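Engineer: Before anything else, here's the structure in question.
The values are calculated or read from the model by the stated rules, or taken from the named source; none is laboratory data. All figures in this text were calculated on a predicted structure; none of them were measured in a lab. Cβ coordinates were reconstructed from backbone atoms using ideal geometry, including for glycine residues, and neighbour counts include every protein chain displayed. These accessible areas exclude ligands, DNA and RNA; they are computed on the full protein's heavy atoms, side chains included. Shrake-Rupley method; radii C 1.70, N 1.55, O 1.52, S 1.80 Å.
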Amino acid sequence: MEPGRTRTPPRQRATLVNTRSRETRQALTRAALRLWSEGDFDEAYQASTAADIAQAAGVSKGTFYFHFANKEAILLEMSSATIQAMIDQVEAGAARGLPLRALSEQVMASMARRIVRAPRAAALRAGGLGFAVRGDEGNLASPRLSVAFDALLRYGKEHGDLNAELDVEEGAAMMTAVTMEAIIRWGAGDHSASWLSRTLRDRVEVILHGISHKHDV
C-alpha cells in the first residue's frame with residue numbers, strides 16, 4: 001500500500017460496489033425508457049437493441065448484459081421496483097400501526113403514481129411479460145405483485161382488521177387479478193391517471209370489505 005493511503009474497509013467497499021451497481025441499473029432503465037418514448041413505443045421497443053440502450057446510458061454492451069439478460073428484463077425491473085416500493089410502504093405503515101384501510105389507500109396511490117410515470121405501452125407490455133403470473137416461472141420479476149398484497153393482508157390479519165380465518169394467499173391472488181386488469185385497461189386505453197389511481201384503490205377496497213369479517217353461511 002502506498003504511504004499515506006488508507007485501505008477501504010471491506011464492508012464500506014461492498015456498499016460502494018452495491019451503490020454503483022444500483023446506479024448503473026437505474027441509468028440503463030432510464031436510458032431504455034428514453035429510447036422507447038421516442039415516437040411509437042412498440043416500434044421503438046422492437047427496434048432497440050442492448051447496444052443501443054448501453055450507448056444511451058453511457059456504458060458498454062458488456063455492462064448491459066452484466067445487469068440484464070435482455071431488454072425484456074428492463075421492463076420486469078420496472079415492475080419489480082414498483083412492487084418492492086409497495087412492500088417497503090406496507091412494512092413502514094405496519095411499523096407505525098396504521099389502520100389497514102389507510103395503509104391500503106396509500107399503497108395503491110403510490111403504485112398508481114409510479115405506473116403512470118412510464119408510457120402506457122410499457123405498463124401494458126410489462127403486464128404481458130408476467131407482472132403478476134405464476135411464481136414458478138423463472139423469468140418473472142422478483143418479488144411478484146402477489147407478495148406485496150400478501151404482506152398487506154398478513155398485516156391486516158395480525159392487526160385484527162381481517163377475518164382470522166382468511167386465506168391470505170387467496171386474498172392476495174384476488175387483489176393481484178383485479179389490479180392487473182385495471183393496469184392493462186389503463187395501458188391499452190385512454191383512461192386518465194386519476195382513473196387508474198381511483199380504480200386501483202376502489203377495487204382493493206371492495207376485496208378488503210368482503211374479507212374483513214367472518215360471514216355466516
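Engineer: Any idea which of (1) more than 24 Å from Ile183 (Cα to Cα); (2) open to solvent by less than 60 Å² (accessible area, probe 1.4 Å) is the one Lys61 doesn't satisfy?
Structural biologist: (2)
Engineer: Across the stretch 101-116, what is the number of residues that are in contact with a Leu (Cβ under 9 Å, 6 or more places away or on another chain) and basic (Lys, Arg)?
Structural biologist: Within the stretch 101-116, the first condition is being in contact with a Leu (Cβ under 9 Å, 6 or more places away or on another chain), and the residues that meet it are 101, 103-104, 106-109, 111-112, 115-116.
Then keep just the ones that are basic (Lys, Arg); that gives 101.
So the answer is 1.
Engineer: Looking at the stretch 158-189, which of the residues that are open to solvent by 70 Å² or more (accessible area, probe 1.4 Å) and among the charged types (D, E, K, R) is farthest from Ser110 (Cα to Cα)?
Structural biologist: Here the residue is Glu165.
Engineer: Taking helices (runs of 4 or more DSSP H) that do not extend beyond the stretch 17-127, which have at least 1 residues that are under 28 Å from Ser197 (Cβ atoms) and more than 21 Å from the chain's Cα centre (by Cα)?
Structural biologist: Values: elements: 41-47, 50-57, 61-67, 72-96, 100-116.
The helices (runs of 4 or more DSSP H) meeting that bar are 41-47, 72-96.
Engineer: A follow-up question, please. Does Arg198 qualify as being open to solvent by 70 Å² or more (accessible area, probe 1.4 Å) and at pLDDT below 95? Can you show your working first?
Structural biologist: Numbers: open to solvent by 70 Å² or more (accessible area, probe 1.4 Å): yes; at pLDDT below 95: no.
When the stated conditions are applied, Arg198 does not pass them.
Each row is one residue, and each column tells you yes or no for (1) in contact with a Ser or Thr (Cβ under 8 Å, 6 or more places away or on another chain); (2) not in a loop (DSSP other than H, G, I, E, B).
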| residue | (1), (2) |
| --- | --- |
| Thr176 | yes, yes |
| Ala182 | yes, yes |
| Asp190 | no, no |
| Ser197 | no, yes |
| Leu200 | yes, yes |
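Engineer: Also, quick follow-up: Restricting to the stretch 64-96, count the residues that are open to solvent by less than 40 Å² (accessible area, probe 1.4 Å) and either farther than 17 Å from Ala123 by Cα or hydroxyl-bearing (Ser, Thr, Tyr) (or both). Steps first, answer last, please.
Structural biologist: Keep residues of the stretch 64-96 that are open to solvent by less than 40 Å² (accessible area, probe 1.4 Å), which gives 64, 67-68, 71, 73-76, 78-80, 82-83, 85-87, 90, 93-94.
Checking the rest, the ones that are also either farther than 17 Å from Ala123 by Cα or hydroxyl-bearing (Ser, Thr, Tyr) (or both) come to 64, 67-68, 79-80, 82, 87, 90, 93-94.
Counting residues in the stretch 64-96 that are open to solvent by less than 40 Å² (accessible area, probe 1.4 Å) and either farther than 17 Å from Ala123 by Cα or hydroxyl-bearing (Ser, Thr, Tyr) (or both) gives 10.
Engineer: Restricting attention to the stretch 35-47, does a residue exist that is surrounded by 14 or more Cβ atoms within 10 Å (Cβ to Cβ), within 30 Å of Ser146 (Cβ to Cβ) and modelled with pLDDT of 95 or more?
Structural biologist: No, every residue in the stretch 35-47 fails to be surrounded by 14 or more Cβ atoms within 10 Å (Cβ to Cβ), within 30 Å of Ser146 (Cβ to Cβ) and modelled with pLDDT of 95 or more.
Engineer: Looking at the stretch 128-138, which of the residues that are among the hydrophobic types (A, V, I, L, M, F, W, C) and either at pLDDT 85 or above or in a loop (DSSP other than H, G, I, E, B) (or both) is most open to solvent (accessible area, probe 1.4 Å)?
Structural biologist: Here is the first cut: in the stretch 128-138, the ones among the hydrophobic types (A, V, I, L, M, F, W, C) are 129, 131-133.
Narrowing further to those that are either at pLDDT 85 or above or in a loop (DSSP other than H, G, I, E, B) (or both): 131-133.
On the way: Phe131: 13, Ala132: 28, Val133: 70 Å².
Taking the candidates together, the pick is Val133.
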